[in-house]
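Colleague: Would you mind keeping the following structure in view while I ask a few things?
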Amino acid sequence: MLNVAVLISGAGSNLRAFLEAAAEADYPAHVVAVGADRDAAGLAHADDFGIPSFSVPYTSYPTRAAWGEELAVQLRAWDPDLIVLSGLMRLLPDNVVAEFAPRIINTHPAYLPEFPGAHGVRDALASGATRTGASVIQVDGGVDTGPILAQERVEIEPGDTESTLHDRIKPVERRLLIDVVRRIAAGDLAFS
Ligand code: GAR
């Protein structure tokens, strides 16, 4: 059984889908804790599933490095085999990447390396592209620059808004995430 810690910033709809998958008897991963960089609404999903949660509010620390030190303390306490960034809207500090990589993965609402960063859906729409996508990547020190583990295209429809497009991308992200974690747990996806 793979022990997974999940980090979020927002509503946590992808987290919820992952928790539902992990609750299935034959799913080979278990969520040990859910953490957030703020008082995120999505932490309530952890409560619903009886999973411990923690918050390390970014704005309570004087520097990114200080925030990272406390985040590492919290993560270490759960001894995760894998950390999933599921809508964590901050760049992980160097100390966290150094300690836990390569066992950190991130979901992203675009077909990387296209449209990295905090506004992947908005940027795809603004570019005039006719298709975008969803990706699951391994986290390195950069902004969505790590090795791609899975990705899939999503068409941009005429009249799409950021919201309608994101709503079509998220179910793809969820499916990719659930599959990637299953493959990692099965040893089918080697990390280097
Ligand atoms: C997801 O689309 C995730 O890929 C994205 O935030 C959303 C979180 O939604 N993350 C990023 O854009 C990171 N650069 P949720 O809180 O409803 O799961």
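Colleague: Scanning region 152-174 for residues that are free of Cβ contacts under 8 Å to residues at least 24 places away in the same chain and among the charged types (D, E, K, R), which turns out farthest from the ligand (Cβ to nearest atom)?
Modeller: Glu157
Colleague: Then there's this: With the requirement that a residue be closer than 24 Å to Glu173 by Cα and assigned to a loop (DSSP other than H, G, I, E, B), what does region 76-87 give you? Explain how you work it out, then say what you get.
Modeller: First, pick out the residues of region 76-87 that are closer than 24 Å to Glu173 by Cα: 80-87.
Correct list: Pro80, Asp81, Ser86, Gly87.
Colleague: Just one of Arg76, Arg38, Arg16 is modelled with pLDDT of 95 or more, closer than 22 Å to Arg183 by Cα and not acidic (Asp, Glu); which is it?
Modeller: On the way: Arg76 fails: closer than 22 Å to Arg183 by Cα; Arg38 fails: closer than 22 Å to Arg183 by Cα.
Only one candidate passes the filter, namely Arg16.
Colleague: Pairs only if they're at least six apart or on different chains, beta carbon under 8 angstrom, first in region 98-121 and hydroxyl-bearing (Ser, Thr, Tyr), second within 13 Å of the ligand (Cβ to nearest atom) and in a loop (DSSP other than H, G, I, E, B); list them, first residue then second.
Modeller: Once the first residue is hydroxyl-bearing (Ser, Thr, Tyr) and sits in region 98-121, its partners that are within 13 Å of the ligand (Cβ to nearest atom) and in a loop (DSSP other than H, G, I, E, B) give Thr107/Ser86; Thr107/Gly87.
Colleague: Can you tell me which of Leu82, Leu112, Leu92, Leu88 is buried (at least 18 other Cβ atoms within 10 Å of the Cβ) and away from the ligand (no atom under 16 Å from the Cβ)?
Modeller: Exactly one residue qualifies, and that residue is Leu82.
Colleague: I'd like the full set of residues that are without any contact (Cβ under 8 Å) to a residue 60 or more places away in the chain, within 11 Å of the ligand (Cβ to nearest atom) and in a strand (DSSP E or B), limited to region 1-51.
Modeller: Ala36
Colleague: Return only the number of the condition from (1) within 23 Å of Phe100 (Cα to Cα); (2) within 15 Å of the ligand (Cβ to nearest atom) that Arg64 does not satisfy.
Modeller: Unmet condition: (2).
Colleague: Which one of Leu125, Leu177, Leu149 is more than 10 Å from the ligand (Cβ to nearest atom) and within 30 Å of Glu69 (Cα to Cα)?
Modeller: So the residue among Leu125, Leu177, Leu149 that is more than 10 Å from the ligand (Cβ to nearest atom) and within 30 Å of Glu69 (Cα to Cα) is Leu149.
Colleague: Follow-up question, since we're still on this one. Can you list the strands (runs of 3 or more DSSP E) found entirely within region 88-192 that contain at least 1 residues being farther than 20 Å from Leu15 by Cβ and within 14 Å of the chain's Cα centre (by Cα)?
Modeller: 148-155
The values are calculated or read from the model by the stated rules, or taken from the named source; none is laboratory data. Note that the structure is a prediction, hence the values are computed from the model and not measured. We place every Cβ from the backbone using ideal geometry, glycine too, and count neighbours over all the protein chains shown.
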